[in-house]
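The values are calculated or read from the model by the stated rules, or taken from the named source; none is laboratory data. Keep in mind that this is a model prediction, so the values were computed, not measured. We place every Cβ from the backbone using ideal geometry, glycine too, and count neighbours over all the protein chains shown.
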Amino acid sequence: MSVNKTMRTAASGKGEPSGGAKVSDTETSGLKKIVAASMAGTVVEWYEFFLYATAASLVFGTVFFPNAGTQLDGIIAAFLTYAVGFIARPIGGIVFGQIGDKLGRKHTLQVTIILVGVATFLMGCLPGFNTIGYWAPALLVILRFVQGFAVGGEWGGAVLLVAEHSPNKSRGFWSSWPQSAVPVGNLLATLVLLTMSTILSTEEFLSWGWRVAFWLSAIIVLVGYYIRTHVNEAPIFLEARAQVDAQKAVNYGVGEVIRKYPKGILQAMGLRFAENILYYTIVSFSIVYLVTVHKYNTSQLLLALLIAHAVHFLVIPQVGRLSDRIGRKPTYLIGACLGATWAFFAFPMFDTLNPTMIVLAITIGLVFHSFMYAGQPAIMSEMFPTRMRYSGVSLGYQVTSILAGSLAPIIATGLLKEFSSWVPVAFYLVIACVITAIAAFSLRETKGISLRDVDAADARKHGLISSDTRS
């Protein structure tokens, strides 16, 4: 099913926008444009972010850390630079969250796409360790920081641009589309690397072939930036901004959300924890395991990832729709429970070295992941009022990345090195999923809620004048 056809199918239902009016054909068409703009930029930014993840597994240990010791030591060193991007993400989330809550989602998204594009292109130009010595990994770390800083501001703006335009009854479906753009970006990165590794020798691929994928980002950035110039802010955001401007007692941004909604931030972090660890265990550590333990063919492994990313893209919107039907909490708990089981059957499937089994293991893992991932934009947008929503979702989403996604490949690789077994990695995932399940249990169900009602509840709780009252 094509993207447009899938969107049309969902849009045919009777939903209500966040303002409470019926959805007209014109509004549905406009919403599709918002979704397309959000997805276009997200594909670009995550193409570049995940390109680094794959390159860290396959290339960077050799090119930038040739004197690290064993092969696993070089990969761990490369993953440490990878973690720098995750450390930068909450900083970007804080900075762009503050800007986005004040000036708007659109402008921040235009800045972030340019920043990440420039950083990624320059990565492809970096000489290796054998050419400029320690300057090579040092410059790589700096560019990785810039890349992570930009991506940190990207996610909140992209999903909120859609969530704040979406009908109440189908917010889970519509806002899951920016999430589905992530596997598209990863798919493109994998496709480029697969092509390079297939047509080039190992020496050519390590010398210059991997750089082509980074240089191609310039083309994709220009397309994404152009599309993002043709979107408008959601009416509910414009009203909230006018309220902040009119009432000096109404604050916005990072400091306000930490003071007023600390529980929401902690819940968002808990929801993110297992999802983030599971994802990077599947797409990063699986590569390490198969390449270092079994010397598995790189091209075949990239092909397996390619297939899995395509399935992931198709599944995410359907799970988003499911969260609109059965609720946010049940859908998320299904994902946490399934995620806890994945490693126990996936690694034995890897050990068979059967290409079909490897594809199935990775694909099943990403399907399990989608049950936690698809509903995140809707859940998190329904946790915070509009005046501080960008900051709230960015903090909850990005801060967790330091403790979860950035460390997951490092911890898993370290466990593999220490115990020469995948079993400790499996229990690491179980612990993460238990934490996320507890966070999901603590939520109140919010499917179908109006974002205006969230704003009104915030106004009553903190003694403010709501925008509805003023009008």
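Out of the range 202-234, which residues are touching a residue at least 40 places away in the same chain (Cβ under 8 Å) and of a type in the set (D, E, K, R)?
Those that are touching a residue at least 40 places away in the same chain (Cβ under 8 Å) and of a type in the set (D, E, K, R): Arg211, Arg228, Glu233.
Mind telling me which of the residues Met383, Met388, Met372 ends up being part of a helix (DSSP H, G or I) and under 17 Å from Arg272 (Cα atoms)?
On the way: Met383 fails: part of a helix (DSSP H, G or I); Met388 fails: under 17 Å from Arg272 (Cα atoms).
It is Met372.
Name the single residue that is nearest to Trp46 (Cα to Cα) among those in the range 86-109 being basic (Lys, Arg) and surrounded by fewer than 22 Cβ atoms within 10 Å (Cβ to Cβ).
If we take residues in the range 86-109 being basic (Lys, Arg) and surrounded by fewer than 22 Cβ atoms within 10 Å (Cβ to Cβ), then Lys106 is nearest to Trp46 (Cα to Cα).
Taking Ser406, is it touching a helix residue (DSSP H, G or I) at 6+ places or on another chain (Cβ under 7 Å) and in a helix (DSSP H, G or I)?
no
In a helix (DSSP H, G or I), of a type in the set (Phe, Trp, Tyr), surrounded by 13 or more Cβ atoms within 10 Å (Cβ to Cβ) and modelled with pLDDT of 80 or more: is that true of Phe205 in this structure?
no
Run down Leu407, Leu415, Leu443 and say which single residue is within 22 Å of the chain's Cα centre (by Cα), more than 21 Å from Leu160 (Cα to Cα) and either of a type outside the set (Ser, Thr, Tyr) or crowded, with 21+ Cβ neighbours inside 10 Å (or both).
Of Leu407, Leu415, Leu443, the one residue that is within 22 Å of the chain's Cα centre (by Cα), more than 21 Å from Leu160 (Cα to Cα) and either of a type outside the set (Ser, Thr, Tyr) or crowded, with 21+ Cβ neighbours inside 10 Å (or both) is Leu407.
For the range 322-369, which residues satisfy the criterion of being closer than 24 Å to Ile431 by Cα, of a type in the set (S, T, N, Q) and either surrounded by fewer than 20 Cβ atoms within 10 Å (Cβ to Cβ) or touching a Lys or Arg at 6+ places or on another chain (Cβ under 6 Å) (or both)?
Selection gives Thr341 alone.
Scanning for something under 28 Å from Val257 (Cβ atoms) and assigned to a loop (DSSP other than H, G, I, E, B), does the range 420-442 turn up at least one residue?
The answer is yes; a qualifying residue exists.
Got a sec? Which of Met388, Met383 is in contact (Cβ under 8 Å) with a residue 12 or more places away in the chain, touching a Ser or Thr at 6+ places or on another chain (Cβ under 9 Å) and surrounded by 15 or more Cβ atoms within 10 Å (Cβ to Cβ)?
Met383
Pairs please, first residue from the range 351-378 and on the phi < 0 side of the Ramachandran plot, second anywhere and part of a helix (DSSP H, G or I) and of a type in the set (Lys, Arg), Cβ atoms under 6 Å, 6+ apart in sequence or on different chains.
Qualifying pairs under 6 Å: Gly375/Arg328; Ala378/Arg171.
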